[in-house]
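The block underneath contains the structure these notes are about, expressed in structure tokens.
Rule-based calculations on the coordinates, nothing more; no lab input. These numbers come from a predicted model, not from an experiment. All Cβ positions, even for glycine, are placed from backbone atoms using ideal geometry, and neighbour counts span all protein chains on display.
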Amino acid sequence: MQSVNESQELPTLTLDGEEIAFTPGETVYEVSTRAGKAVPTLCYDPRLEALGSCRLCVVEVEGQRVPVASCTTRAEDGMKVTTASAKVEAQRRTLLELVASENREVTVDALRGVASQELGTLVERYDAGGGRFAGAQSGASRPDDPNPFILRDYDLCISCYRCVRVCAEQEGDYAISMANRGFATQITVEFGGHLQDSACTFCGQCVQTCPTGALADKKALRFAGDGTLNRGS
Ligand code: FES
């Protein structure tokens, strides 16, 4: 007969050779982070539904032909996971080089927001700022937006949609969305207008989750004397 302890035993997976227990429902990313692994992310925000779009969090799972996004993969009993093989580290570096190549800059003022340093920090960690993929850029800034609170500097946007998702999932406002595809992808409000004419309540959640500083607090930048506020307007 099964003892109480045995019946409550948690499933386990092997993470970089170490057996780790997990709660059913946890993702491989959550288990990895809890175990102290520095798995990089860009489209992930723990408050939001995982999207799995940036692919930076890929890990190798024994039996899987290609690396999988750990943020959208549920942990399974007996799984064998490698979080930082040479293959996934190389893949992450290439992805970061591609992302960085689309932006005007990756090093931005920390006053742009809590998460604004995420891309720059990762580019530095992976030495991915060499300009190997210089070329087309996506996202067109809206320095013409007259609202006094939020700078919409989409030259720095990487289409992670964290702003769109936080606006919808956390605030329930649905003030912003994405339009077009590929290099033409653009975060926008209805009819391409201004934020103050949309459902935006200027709560600032989008600024706080943006990992590149594409959205920023105008008041903080004004305080810092950031000339970006005047660019193109
Ligand atoms: Fe997992 Fe972006 S963080 S795909």
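Observations on the structure shown:
- The ratio of the alpha-carbon radius of gyration of the chain to the globular-protein estimate 2.2 N^0.38 Å is 1.15.
- Note on Met178/Ala38: beta-carbon distance plugged into 1/(1 + (r/R0)^6) with R0 of 41 Å gives a FRET efficiency of 0.90.
- Estimated 222 nm signal from helices in the chain, with DSSP H stretches of n ≥ 4 weighted -39500 (n - 2.57), rounded to 500: -6500 deg cm²/dmol
- Simple spin-label estimate for Leu98 and Ala134 in nanometres, 7 Å along Cα-Cβ: 2.1 nm
- A straight chain from Glu18 to Phe149 at 0.36 nm per residue would run longer than the Cα-Cα distance by 42.4 nm.
- Within the shell defined by Cβ-Cβ distances under 14 Å, the residues around Pro24 carry a net charge of -4, with Lys and Arg each +1 and Asp and Glu each -1.
- Packing-based exposure ordering (other Cβ within 10 Å, fewest first) of Asp153, Asp173: Asp173, Asp153
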